[in-house]
Amino acid sequence: MSSTQDTIFKTRLLQLECHFTWALNKNDVDLTDLLNRLEEQITLDLGGETGVARAHSYKGFVKFLLGSNTEALSNFERSVELTKSHGNDCDKLLVVAYGDLAWLYYHMGNFTECESYLNKLSEIEVKYPSVPYAEVLGEKGWTFLKFSRKYYERAKECFKKALELEPEEGEWNSGLATVLYRLEYILQESEASNETSTENSIDLLRRAIAMKPDDDVLKVLLALSLIAHKKYNEAESLVEQALESSPEHPHVIRYVAKFLRIQGSVDRSIALLKRALEKVSNIAFIHHQLGLCYKQKIQNLRFAGSHHRTGAELKQAQEDCISHLEMATKLNSGFIAAMSDLALQYGEKQDMQRAEEMFQKTFQTAKERNETCWYVHFCYAEFQQYSMKCEPAAIKHYIECLKINPNRSHGKKSAERLENIAKRRIENNPEDGEAFGILGIIHKEQGEKQQAIECFEKALSCEENEDYLSHLCELQISLQ
């Protein structure tokens with residue numbers, strides 16, 4: 001092929017709407033974990049024929065990223081086959097799969113087949129000249145939703161645009177409600193958290209359920225949103241309905257288990273998650289949830305005090321907690337929350353070397369992905385404070401967490417821990433300049449400028465410190 005022909009092909013290919021043109025960065029996701037989730041959807045027939053067809057198309061792209069063109073081709077073709085089973089009026093649903101096939105054949109050097117699929121797409125565009133298609137926007141939204149939390153905003157915009165074209169389509173209403181639930185879950189620890197935005201999520205979930213009354217996953221998501229507003233009776237009723245209607249649906253089981261853990265029913269949650277593992281044992285989310293359950297169980301056993309079974313139960317719970325967290329991090333090498341939780345558990349077990357190694361690996365992963373660094377700092381601060389008994393290192397990392405997210409719960413917890421440390425030190429030594437400096441940093445990060453100035457002035461009256469002086473000058477200038 002001449003360079004001119006190649007340029008013509010590439011120009012046409014870049015105009016397509018498919019996985020190859022949606023700027024999906026493989027560094028933003030653990031491909032093995034994504035593949036496991038897609039295979040779960042296919043194996044368990046989740047989402048019906050449309051959902052399975054979508055999963056095959058997506059899986060084909062992941063297989064391409066992993067270097068297996070043959071498996072990619074097989075999955076793209078299976079997606080086309082399933083989509084065509086809808087009947088004659090399925091052309092718009094084929095746009096993504098045809099685009100994927102055109103790109104794959106281009107990469108394989110089969111330009112005849114590549115051109116064949118480009119022509120098929122041209123025929124669809126002639127038949128349906130009004131673009132974009134809601135079907136393609138919806139497919140794009142689901143793709144972003146499954147790929148990475150970094151893509152949730154993109155997913156939201158896709159579903160909104162699809163709904164502008166087809167306001168009553170249950171699929172797009174379901175997608176928008178789901179992505180808003182997830183976005184608000186990420187932000188629910190924020191200070192603004194979110195009477196307005198969460199109510200909006202609740203409204204959208206109600207609307208989506210009205211259009212898809214048999215979707216029990218949506219019911220459990222709504223229940224999880226409702227308990228944030230202390231609407232426990234309605235939430236529990238929805239959970240009971242979902243579990244009664246879909247007792248074996250793996251997504252229903254795992255979200256109900258999460259609901260039960262939040263509500264304090266740890267043993268019931270563990271039992272449900274173990275049921276889910278019987279169906280799919282390679283999903284990192286389930287293992288992480290089990291790890292969190294056993295972490296809560298450990299706390300409960302310690303709080304209960306000593307009796308003849310507590311020692312053995314506690315040891316077993318610790319082993320189970322570490323085992324499931326290790327599996328979660330093995331299945332998803334970029335699962336920062338699970339990695340942080342695992343490192344903390346190593347510290348609890350007094351395995352300091354493994355804890356330190358896991359924390360350093362977690363810091364590196366969080367830095368590379370630019371993701372949830374604040375949580376790693378908080379966990380590492382706890383490790384330094386309680387396991388290593390190293391207060392200076394704990395202070396340093398509580399401050400880092402506070403600076404990154406002063407208004408989220410872990411930022412606020414960091415402020416509380418720092419304040420307790422500072423006040424204890426001042427009680428022991430009223431001239432402890434560093435303790436007043438810590439209080440100054442807390443007030444500064446929380447926007448309390450006058451209180452911060454007073455603390456830094458007190459700190460400087462106790463000791464010379466360039467950092468405190470810099471903070472003080474910055475605050476005084478800002479008030480002029």
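When the test is whether a residue is part of a helix (DSSP H, G or I) and either open to solvent by 20 Å² or more (accessible area, probe 1.4 Å) or closer than 17 Å to Ala223 by Cβ (or both), Ala271 passes it. For segment 255-268, filtered to residues that are within 15 Å of Ser225 (Cα to Cα) and charged (D, E, K, R), the residue that is most open to solvent (accessible area, probe 1.4 Å) is Arg261. Flag: Phe285 does not match the condition of being among the aromatic types (Phe, Trp, Tyr), more than 30 Å from Lys26 (Cβ to Cβ) and in a helix (DSSP H, G or I). Filtering segment 255-282 to residues that are farther than 20 Å from Tyr185 by Cα and either hydroxyl-bearing (Ser, Thr, Tyr) or in contact (Cβ under 8 Å) with a residue 40 or more places away in the chain (or both) leaves Ser265, Lys279, Val280, Ser281, Asn282. Can you say whether Leu290 is in a helix (DSSP H, G or I), under 28 Å from Lys26 (Cα atoms), in contact (Cβ under 8 Å) with a residue 24 or more places away in the chain and of a type in the set (A, V, I, L, M), as far as the supplied structure shows? Spelling it out, Leu290 is indeed in a helix (DSSP H, G or I), under 28 Å from Lys26 (Cα atoms), in contact (Cβ under 8 Å) with a residue 24 or more places away in the chain and of a type in the set (A, V, I, L, M). The sole residue among Tyr294, Tyr232 that is surrounded by fewer than 16 Cβ atoms within 10 Å (Cβ to Cβ) and among the aromatic types (Phe, Trp, Tyr) is Tyr232.
Is there a residue in segment 122-130 that is buried (at least 24 other Cβ atoms within 10 Å of the Cβ) and in contact with a helix residue (DSSP H, G or I) (Cβ under 8 Å, 6 or more places away or on another chain)? No; the residues of segment 122-130 include none that is buried (at least 24 other Cβ atoms within 10 Å of the Cβ) and in contact with a helix residue (DSSP H, G or I) (Cβ under 8 Å, 6 or more places away or on another chain).
A quick yes/no check of all residues on (1) modelled with pLDDT of 95 or more; (2) of a type in the set (A, V, I, L, M); (3) out of contact with any Asp or Glu (no Cβ under 6 Å at 6 or more places or on another chain); (4) farther than 29 Å from Gln480 by Cα:
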| residue | (1), (2), (3), (4) |
| --- | --- |
| Ile399 | yes, yes, yes, no |
| Lys423 | yes, no, yes, yes |
| Ile426 | yes, yes, no, yes |
| Asn429 | yes, no, yes, yes |
| Gly433 | yes, no, no, no |
| Gly437 | yes, no, yes, no |
| Ala452 | yes, yes, yes, no |
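The single residue among Leu66, Leu35, Leu24 that is open to solvent by 60 Å² or more (accessible area, probe 1.4 Å), at pLDDT 95 or above and within 23 Å of the chain's Cα centre (by Cα) turns out to be Leu66.
Residues Ser57, Ser79: which one is crowded, with 22+ Cβ neighbours inside 10 Å and within 20 Å of Ala162 (Cα to Cα)? The unique qualifying residue is Ser57.
If Val252 satisfies all but one of (1) open to solvent by 20 Å² or more (accessible area, probe 1.4 Å); (2) in contact (Cβ under 8 Å) with a residue 12 or more places away in the chain; (3) hydrophobic (A, V, I, L, M, F, W, C), what's the number of the condition it fails? Result: Val252 fails condition (1) only. Contact map, segment 56-68: first residue on the phi < 0 side of the Ramachandran plot, second residue open to solvent by less than 30 Å² (accessible area, probe 1.4 Å) and of a type in the set (Ser, Thr, Tyr), Cβ cut-off under 8 Å, separation 6 or more or different chains; pairs are His56/Ser79; Ser57/Ser79; Tyr58/Thr143; Gly60/Ser79. The one condition from (1) of a type in the set (Lys, Arg); (2) outside any helix (DSSP H, G or I); (3) on the phi < 0 side of the Ramachandran plot that Arg354 does not meet is (2). Considering (1) farther than 25 Å from Leu187 by Cβ; (2) open to solvent by less than 20 Å² (accessible area, probe 1.4 Å), the lone condition that Glu244 does not fulfil carries the number (2). Consider segment 367-397 and keep the residues that are open to solvent by 30 Å² or more (accessible area, probe 1.4 Å) and among the hydroxyl-bearing types (Ser, Thr, Tyr). The one that is modelled with the highest pLDDT is Tyr386.
Would you confirm whether any residue within segment 393-407 is over 30 Å from Ala337 (Cβ atoms) and touching a helix residue (DSSP H, G or I) at 6+ places or on another chain (Cβ under 8 Å)? Within segment 393-407, none of the residues are over 30 Å from Ala337 (Cβ atoms) and touching a helix residue (DSSP H, G or I) at 6+ places or on another chain (Cβ under 8 Å). Filtering segment 153-168 to residues that are assigned to a helix (DSSP H, G or I), in contact with a helix residue (DSSP H, G or I) (Cβ under 7 Å, 6 or more places away or on another chain) and open to solvent by 30 Å² or more (accessible area, probe 1.4 Å) leaves Arg154, Lys156, Lys160, Lys161, Leu165. Go through (1) farther than 18 Å from Leu218 by Cβ; (2) at pLDDT below 95 one by one and return the number of the condition Arg182 breaks. Only one criterion in (1) farther than 18 Å from Leu218 by Cβ; (2) at pLDDT below 95 is unmet by Arg182, namely (1).
The values are calculated or read from the model by the stated rules, or taken from the named source; none is laboratory data. On a predicted model such as this, the values are computed, not experimentally measured, just so you know. With ideal geometry, Cβ positions are generated from the backbone for all residues, glycine too; neighbour counts draw on all protein chains shown. The area values use the complete protein model at the heavy-atom level, side chains included, leaving out ligands, DNA and RNA. Shrake-Rupley method; radii C 1.70, N 1.55, O 1.52, S 1.80 Å.
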